[in-house]
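Working notes, beginning with the structure itself.
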Ligand SMILES: [Zn+2]
Ligand SMILES: [Zn+2]
């Protein structure tokens, strides 16, 4: 008995599946409280769309074996939580500027 294998044809998704923090499962972008259809950047802490700001995480002025230095570590962070910013609502791709 020979079974004819039917390829499973999937309809091409019109809407993109989103993995943002609104739900714990993949969902349709823009559904319910999803923010996947909103333009970024998105805050890595609260998941909300946010603006970016620059924050200096350096230790500032320091002295090391008699030589003075100034440590700067300026990073782009969200204006709401000062957390890492992401390009997508699923928080998988870090924002680059
Ligand atoms: Zn979403
Ligand atoms: Zn935030």
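Which ordering of 25, 57 is given by a fewest-first count of other beta-carbon atoms within 10 Å?
25, 57
Relative contact order for segment 23-97 using alpha-carbon pairs under 8 Å, separation at least 6, rounded to a whole percent?
Worked out over segment 23-97, it gives 31 percent.
Tell me, 95, 65 in order of fewest to most beta-carbon neighbours within 10 Å?
The most exposed by this proxy come first: 65, 95.
Give me D for segment 17-86 in µm² s⁻¹, whole number, from Stokes-Einstein with Rh from the Kirkwood sum over alpha-carbon pairs, 10 °C and 1.306 mPa s. Working shown, then result.
Working: Rh = 14.1 Å.
Translational D for this selection: 113 µm²/s.
Based only on other Cβ atoms within 10 Å, what is the fewest-to-most ordering of 48, 96?
96, 48
The numbers here are math on the coordinates, done by the rules we state, and not lab data. Because the structure is predicted, anything quoted here is derived from the model rather than measured. Every residue, glycine as well, gets a Cβ built from its backbone with ideal geometry; the counts of neighbours run over all protein chains shown.
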